[in-house]
Amino acid sequence: MKKILLFALALISIAATAQPPMGGPMPPRPEDKDGFKFTVVKENPITSVKNQASTGTCWCFSSLSFIESEAIRINKLKEADYPDLSEMFVVSHAYADKAVKYIRVDGALNFAQGSSFGDLVTVLKTYGIVPNEVMPGLNYGTDRHMHGELLAGLKGYMDGILKNPNRKLSTAWLKGFQGILDAYLGPIPEKFTYKGKEYTPKSYFESLNVNMDDYLDFTSWTHLSYYEKHPVEVADNWRWEQAYNVPLEDMMAIIDYAVENGYTVAWASDVSETGFTRDGIGIVPDMDAIQKQAQQAGSDQARWVGAAPQGQRPTFNKPVPELTITPELRQQGYEEKNTTDDHGMQIYGIAKDQNGTKYYMVKNSWGETGKYKGLWYVSEAYVRYKTMDFMVHKNAIPKDIQKKLGIK
């Protein structure tokens, strides 16, 4: 996924970075007296909210959070035993693999911070994982993730290697690249001791009992044939991973079935929309209907939509009318580049507002920011409209859709 938008990074840079202890209670979800009021319908376990801070590694934070929830589900873990896995272990391996492909395709690859859920799948299957305390990835003098300098150094190095000044690549260039990664993120441990037991990254991953062959990616676009796999068509999908393309109604049915049956969802979405506020709400406002309501109420629009300084997105004070999302409207946003690959998060629950409108409960990775301390309530309309792709366990797919896909 592409780097988080500049305004999001600016917010993150001032967000609180303190996290609740692993196994501690999740942050409360307060209600506005006169605003949004949510009732939880279904809520599945998640680990504490993390802060990706000044990085474009949302793909890793969201998908690894998803795997943490899978470990909780599969092993029936109590809160005190919830895993806290190392994002930077994954990022380091992903960068090294990306560097090899960057050279192989003569630089015709998006060498940036973003990636896809498929990247995590490959790293876990190939290299394993370590707990976050074993490799926190903060070896460069700060207590929060900041990767601007790291990326600049890696990209400059790779562009120098790409020129092939010796007319034959040496056996040292990849070691040199790994040296930069190790200096910033820390060396990747071959062995480590955790809770009194010695592991390798592979043996620790095996202890989680998560089989990455059980996970599938989905999307929904009208320009692709349904119930078949296609490459996820975004620049950050440098591994060229594929996803099943399904009709919009099936896409939503999978997400609903997953959450209702105890699974969570790794969710890639566009968060650049006006309706995705920085205070924990994601909606698709129907501005024409909102203006009509305001006029009928004899009031200005600010009564329904919070006034905002010029150039800043408005806030929404209460539930408002939303657009009806069709496959055609969804496709139009994609074709016009209004729907873009912005951000990865984790869907873990379903709630309803005071009007009965369905919302998905979403864990973000911007720290404990906003009204709901790093959690978001995203309307069904928003998920229908702005989902890029998502990953779920194969058993989280309704049986009739499994049959259409030919999977077991």
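The values are calculated or read from the model by the stated rules, or taken from the named source; none is laboratory data. This one's a predicted model, so the numbers in the text were calculated from it and none came from an experiment. Ideal geometry is used to build each Cβ from the backbone, glycine not excepted, and the neighbour counts take in all protein chains shown.
Some notes on this structure:
- Options ARG239, ARG278; residue that is closer than 23 Å to CYS60 by Cβ, of a type in the set (D, E, K, R), part of a loop (DSSP other than H, G, I, E, B) and modelled with pLDDT under 95: ARG278
- Look at the range 229-243: where a residue is farther than 15 Å from ALA112 by Cα and in contact (Cβ under 8 Å) with a residue 40 or more places away in the chain and a partner is of a type in the set (Gly, Ala, Ser) and in a strand (DSSP E or B), sitting 6+ places away or on another chain with Cβ atoms under 6 Å, you get VAL232/ALA243.
- Strands (runs of 3 or more DSSP E) lying entirely in the range 185-230 (those with 3 or more residues that are modelled with pLDDT of 95 or more and in contact with a helix residue (DSSP H, G or I) (Cβ under 8 Å, 6 or more places away or on another chain)): 215-219
Each row is one residue, and each column tells you yes or no for (1) among the basic types (Lys, Arg); (2) in contact with a Ser or Thr (Cβ under 8 Å, 6 or more places away or on another chain).
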| position | (1), (2) |
| --- | --- |
| ASP213 | no, no |
| LEU216 | no, no |
| SER220 | no, yes |
| LYS229 | yes, no |
| ASP236 | no, yes |
| ARG239 | yes, yes |
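- Qualifying positions in the range 72-90 - closer than 28 Å to ASN139 by Cα, in contact (Cβ under 8 Å) with a residue 40 or more places away in the chain, part of a helix (DSSP H, G or I) and in contact with a helix residue (DSSP H, G or I) (Cβ under 9 Å, 6 or more places away or on another chain): ASP81, GLU87, MET88, PHE89
- Selected residue (criterion: surrounded by the fewest Cβ atoms within 10 Å (Cβ to Cβ)) from residues of the range 163-182 that are within 32 Å of the chain's Cα centre (by Cα) and either of a type in the set (Phe, Trp, Tyr) or more than 29 Å from PRO136 (Cα to Cα) (or both): TRP173
- Residue in the range 214-230 that is farthest from GLY406 (Cα to Cα), counting only those that are over 21 Å from the mean Cα position of the chain (by Cα) and loosely packed, with under 14 Cβ neighbours inside 10 Å: HIS223
- Breaking point among (1) out of contact with any helix residue (DSSP H, G or I) (no Cβ under 8 Å at 6 or more places or on another chain); (2) farther than 30 Å from ARG73 by Cβ, for GLU322: (1)
- Taking (1) under 17 Å from LYS403 (Cα atoms); (2) of a type outside the set (A, V, I, L, M); (3) surrounded by 15 or more Cβ atoms within 10 Å (Cβ to Cβ); (4) out of contact with any Gly (no Cβ under 7 Å at 6 or more places or on another chain) in turn, GLN242 satisfies each apart from (1).
- Test for LYS191: is it without any contact (Cβ under 8 Å) to a residue 40 or more places away in the chain, touching a strand residue (DSSP E or B) at 6+ places or on another chain (Cβ under 7 Å) and under 20 Å from GLU87 (Cα atoms): yes
- Options SER115, SER65: the member that is modelled with pLDDT of 95 or more and either part of a helix (DSSP H, G or I) or touching a strand residue (DSSP E or B) at 6+ places or on another chain (Cβ under 6 Å) (or both): SER65
- Those residues of the range 353-392 which are over 16 Å from the mean Cα position of the chain (by Cα) and among the hydrophobic types (A, V, I, L, M, F, W, C), in sequence order: ALA381
- Condition check for LEU154: in a helix (DSSP H, G or I), in contact (Cβ under 8 Å) with a residue 24 or more places away in the chain and within 23 Å of the chain's Cα centre (by Cα): no
A quick yes/no check of all residues on (1) touching a residue at least 60 places away in the same chain (Cβ under 8 Å); (2) touching a Leu at 6+ places or on another chain (Cβ under 6 Å); (3) surrounded by 19 or more Cβ atoms within 10 Å (Cβ to Cβ):
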{"position": "GLY367", "(1), (2), (3)": "yes, no, yes"}
{"position": "ARG384", "(1), (2), (3)": "yes, no, yes"}
{"position": "MET388", "(1), (2), (3)": "yes, no, yes"}
{"position": "PRO398", "(1), (2), (3)": "yes, no, no"}
{"position": "LYS408", "(1), (2), (3)": "no, no, no"}
